[in-house]
Amino acid sequence: MSSSYLPATTDSIAQAFEAKTPSESISILYRILENPSSSPEALRIKEQAITNLSDLLRQENRAEDLRNLLTQLRPFFNLIPKAKTAKIVRGIIDAVAKIPGTSDLQISLCKEMVQWTRAEKRTFLRQRVEARLAALLMENKEYAEALNLLSGLIKEVRRLDDKLLLVDIDLLESKLHFSLRNLPKAKAALTAARTAANAIYVPPAQQGTIDLQSGILHAEEKDYKTAYSYFFEAFEAFNALEDPRAVFSLKYMLLCKIMVNQADDVAGVISSKAGLQYVGPDLDAMKAVADAHSKRSLKLFETALSDFKAQLEEDPIVHRHLSSLYDTLLEQNLCRLIEPFSRVEIGHIAELIELHVDHVEKKLSQMILDKKFAGTLDQGAGCLIIFDDPKTDAIYPATLETISNIGKVVDSLYVRSAKIMA
């Protein structure tokens, strides 16, 4: 980088654009920023240079240089309005976020900016950077620190009544509690986000995020029909904005169809006009699961899970529901297979269901303990012995009912005798 600065003019910006290599453009833009002039025109040109420089550094994956740029620009921030400072800072943090593998750098960068904004008393910017930091900590699975940061921030923002930021923070709190498996608090935070959102205009992307979180929480409560309608609303919002989250909303819609035994509708949704835009591994994974569910085939189900591991098992929301679906399918298939027998080899059942013997044996023992059927495992002989369903003797409930009625008669007589004695 040259030590001689360039004049802060549109010609210098044009020179940076015309440079042959990105490195040369970056060098020219740095030299523009070194210009000591603080005239309104020079400040405007420098703002444009900062935007162009952050874009170029992002394209070159120079995350550390973006971090240093924020530190270098601190004297410049004292010359421009606070709103423009906030825009530039958030723009550079967003640029770092677009570079893969920089989550730790983003966290340390946000922590640095929080300290600087506290020292400079820039409350508006600090609150937004802290909200961003909490989201990064959650992604990094540092839940305790994220929750601690959010609890203080929520009180502060509620006092200031900044509705738009409050919607963001409440949504983030809902996601955080959901990650911690605290469903009541996740629902309460989402309700607070909806309440704040009803009082203001919410951008479509934000509304889509609220609907997506609502769908996830309803699906967790096994209310798949309501969840489907929320996922559909989120999909429409994201699809109109060409947001990459649209494919996740569509995937969760298909998951809801499968969970309510409407797997045959999945192919129709995928082949619709909206669905065809997102054809890819995610939708192929859900189609494979739907086919396995329609055919009640555990073999196809396991094949789908292994073929589409990234789309099914690495997505925590899909994985949780498919685990429950797999268990249900396995139990139904085992009950159907053992029904004709009073004694059967476990190896024979494993062969019929096309699964490993150890897996089948473990599941059968679990089903016996859960009283799904009456039986026992003879591990020495490798057999399952099924007992006839014990018939309940009607005399016991009848006896209990008689005793209950006698008790009522005695109580009634006691009340009458008390009245006579009075």
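The values are calculated or read from the model by the stated rules, or taken from the named source; none is laboratory data. Here the structure is a predicted model, which means the values were calculated and not measured. Quick reminder, even Gly has a Cβ in these numbers, built from the backbone with ideal geometry, and neighbours come from all protein chains shown. For the accessible areas, the whole protein counts, side chains as well, though only heavy atoms, and no ligand, DNA or RNA atoms are used. Shrake-Rupley method; radii C 1.70, N 1.55, O 1.52, S 1.80 Å.
If each DSSP helix of 4+ residues adds -39,500 (n - 2.57) and the sum is divided by the residues in the chain, what number results at 222 nm, nearest 500 deg cm²/dmol? Present the calculation step by step, with values, prior to reporting the outcome.
Working: 23 runs with 314 residues, N = 422.
So the calculated ellipticity at 222 nm is -24000 deg cm²/dmol.
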- Task: Compute the long axis of helix 82-97 from its Cα atoms, compare it with the longest principal axis of the Cα atoms of the chain, and write down the angle in degrees, 0 to 90, nearest 10.
- Result: 60
- Message: Order Tyr230, Tyr30 by their accessible area, 1.4 angstrom probe, all chains in place, largest first.
- Response: Tyr230, Tyr30
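Any idea what the relative contact order of segment 1-120 is, in percent, if you count C-alpha pairs under 8 Å spaced at least 6 apart? Mind showing how you got there, number by number?
Values: 102 pairs, mean separation 24.8, N = 120.
For segment 1-120, the relative contact order is 21 percent.
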- Note on the structure: Other residues with Cβ under 9 Å from the Cβ of Ala234 give, with Lys and Arg +1 and Asp and Glu -1, a net charge of -2
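Glu236 to Tyr143: extension gain in nm, 0.36 nm per residue of separation minus the Cα-Cα distance? Walk me through the numbers on the way to the answer.
On the way: separation 93, 0.36 × 93 = 33.48 nm, distance 3.10 nm.
Length difference between fully extended and current span is 30.4 nm.
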- Message: Taking 35 Å as R0, compute the FRET efficiency from the Cβ-Cβ separation of Lys111 and Thr10 and round it to 0.05.
- Response: 0.45
- Probe 1.4 Å, all protein chains present, accessible-area order of His293, His356, largest first: His356, His293
- With a 1.4 Å probe and every protein chain left in place, tell me how much accessible area Glu64 has, in Å² to the nearest 10. 100
- Message: Probe radius 1.4 Å, ligands and nucleic acids ignored: give me the carbon and sulfur share of the accessible area of the chain as a rounded percent.
- Response: 54
- Set of lysines near Lys408 by C-alpha distance (under 23 Å), chain-local residues within fewer than 8 positions excluded: Lys419
- Query: List the aspartates and glutamates whose alpha-carbon lies under 19 Å from that of Lys87, not counting same-chain residues fewer than 8 positions away?
  - Reply: Glu41, Glu47, Asp55, Asp65, Glu112, Glu120, Glu130, Asp162, Asp168
- Task: For Lys295, go through the lysines and keep the ones whose alpha-carbon is under 25 Å away, minus same-chain ones fewer than eight residues off.
- Result: Lys222, Lys225, Lys251, Lys257, Lys287, Lys309, Lys362, Lys363, Lys372
- In the Gaussian network model of the chain, springs joining C-alpha atoms below 10 Å, which of Lys175, Lys82, Lys20 carries the largest mean-square fluctuation? Lys20
- Cut-off under 5 Å, modelled amide H: who pairs with Gly375 long-range: Phe387
- Backbone HN-Hα couplings from phi across segment 9-24 [Karplus 6.51/-1.76/1.60, Hz, Gly and Pro as x]: 10, 5, 5, 5, 5, 4, 4, 5, 5, 7, 4, 6, 10, x, 4, 5
- Furthest towards positive pole of dipole, Ala274, Leu79, Met367, structure part the chain, Cβ charges: Leu79
- Item | Cα long-axis angle, helix 103-120 against the chain (0 to 90 degrees, to the nearest 10) | 60
- Task: Return the whole-Å distance between the Cα centroid of segment 285-307 and the Cα centroid of segment 45-65.
- Result: 46
- Return, ordered by residue number, the residues of segment 213-230 whose backbone nitrogen is under 11 Å from a label point located 7 Å along Cα→Cβ of Val260. 223-230
- Item | Pair Glu18, Lys225: separation of 7 Å Cα→Cβ label points (nm) | 6.8
- Message: With angles folded into 0 to 90 degrees, how steeply does helix 316-338 sit against the dominant principal axis of the chain? Use alpha carbons for both and round to 10.
- Response: 20
- In nm, to one decimal, how far is the Glu302 label point from the Lys121 one, both placed 7 Å along Cα→Cβ? 6.8
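Explain nothing, just the number: relative contact order of the chain, from Cα pairs under 8 Å at least 6 residues apart, as a whole percent.
Values: 412 pairs, mean separation 23.0, N = 422.
This gives 5 percent for the chain.
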- For segment 121-219: lysine pairs under 15 Å (alpha-carbon distance), excluding those fewer than 8 apart on one chain: 4
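Ignoring ligands, DNA and RNA, what accessible area per residue does the chain give at 1.4 Å, in Å²?
Numbers: 23010 Å² over 422 residues.
Value for the chain: 55 Å² per residue.
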